[in-house]
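For reference, the structure is listed below as structure tokens.
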Amino acid sequence: MNYNINEHAKAFLEEHLPQALEAESSYAALKMLYELIDEKGFDAPKYEKLNAFGLEADEVYDEIYELNM
């Protein structure tokens, strides 16, 4: 892992997106996380609002972004 991360984000990624922990950069990890949010993070049927998973993933996204940008 070549980017900064806090314990909350690390635990989330270990459970849901372990390949992001091996990413070359924060940008690469954020891109993977964005794709995961897009895939699993929205409520049906209209897919306009984040579900509980999406809200937590979005929080992790923000944490990683803030620690690295």
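The values are calculated or read from the model by the stated rules, or taken from the named source; none is laboratory data. From a predicted model like this one, the values you see are computed outputs, not experimental measurements. As a convention, Cβ positions derive from the backbone with ideal geometry for all residues, glycine included, and neighbour counts pool all protein chains shown. Please note that ligands, DNA and RNA were not included when accessible areas were found on the heavy atoms of the full protein model with its side chains. Shrake-Rupley method; radii C 1.70, N 1.55, O 1.52, S 1.80 Å.
A few notes on this one:
- Excluding same-chain neighbours fewer than eight residues apart, the lysines reachable from Lys40 by a Cα-Cα span under 16 Å are Lys31, Lys49.
- Taking label positions 7 Å along the Cα-Cβ direction at both Glu59 and His8, the computed distance is 0.5 nm, reported to one decimal.
- Working from Cα pairs under 8 Å separated by at least six residues, relative contact order for the chain is 38 percent.
- Relative to the longest principal axis of the Cα atoms of the chain, the long axis of helix 7-16 lies at roughly 60 degrees.
- For Phe42, the residues 5 or more places off, or on other chains, whose built amide H falls under 5 Å of its own are Asn51.
- Calculated translational diffusion coefficient of the chain (25 °C, 0.890 mPa s; Stokes-Einstein with Kirkwood radius over alpha-carbon pairs) equals 205 µm²/s.
- The chain, accessible surface, carbon-and-sulfur percent (1.4 angstrom probe): 47
- Of the trypsin sites (Lys or Arg not before Pro) found in the chain, those that fall in a DSSP loop while having at most 11 other beta-carbon atoms within 10 Å are Lys46, Lys49.
- Only protein heavy atoms count here; under a 1.4 Å probe, Phe42 has an accessible surface of about 70 Å².
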